[in-house]
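So the structure is just underneath, and the comments pick up after that.
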Amino acid sequence: MTDYVKLLKANTLKATFQRINILDIIDKHGHMSVEDIYDEIIKIHPSISLATIYKNIILMVEKAVLVEVPISGRKPKYELSKNDHIHLVCTECGDVEDKPCIEETDKVFHALTDSQHFKLHKRQVNLYGICESCQAKIAS
Ligand SMILES: [Zn+2]
Ligand SMILES: [Zn+2]
């Protein structure tokens, strides 16, 4: 398990129980909307408000503990900061799968950006499609 106290403090944030719980829940589920996080966290903190969760998430995004994953046509999801990667986003169920940036994809990104003298410092790519389990549901 990630040491969330250390992670928060390293990013000049107070390690409150709410923040630790938010990080723990996101870590377990991968990518979550604020509402998804709320549904989980009220099991631990029944009196917490959606606004409080939202405020904490925005702050942790500002401090780069969390990353916002904007998803076309849906509410954004949040994930823990990790190495740049590619997202496979299912347009049916909204599921988001991580795929690492491999050497081949990096070559493509640099070919696109270098020719524009564009200094690439972060890759956030969403590929949209239909996941395997949704394909099975559609077929049946
Ligand atoms: Zn799906
Ligand atoms: Zn991701």
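Throughout, read-outs are computed from the coordinates displayed, never taken from laboratory work. In this text, all values refer to a predicted model and were calculated from it rather than measured experimentally. So basically every Cβ, Gly included, is an ideal-geometry build from the backbone, and we count neighbours across all protein chains shown.
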Residue within region 99-111 that is within 16 Å of ligand 1 (Cβ to nearest atom) and either closer than 23 Å to V67 by Cα or among the charged types (D, E, K, R) (or both) present: yes
Filter region 18-39 for residues that are surrounded by fewer than 18 Cβ atoms within 10 Å (Cβ to Cβ) and either of a type in the set (D, E) or assigned to a loop (DSSP other than H, G, I, E, B) (or both); the one that is nearest to ligand 2 (Cβ to nearest atom) is G30
Only one of T113, T105 that is among the β-branched types (V, I, T), closer than 24 Å to C131 by Cβ and either touching a Leu at 6+ places or on another chain (Cβ under 8 Å) or without any contact (Cβ under 8 Å) to a residue 24 or more places away in the chain (or both): T105
Would you confirm whether or not region 56-64 contains a residue that is surrounded by 11 or more Cβ atoms within 10 Å (Cβ to Cβ), within 16 Å of ligand 1 (Cβ to nearest atom) and in contact (Cβ under 8 Å) with a residue 24 or more places away in the chain? no
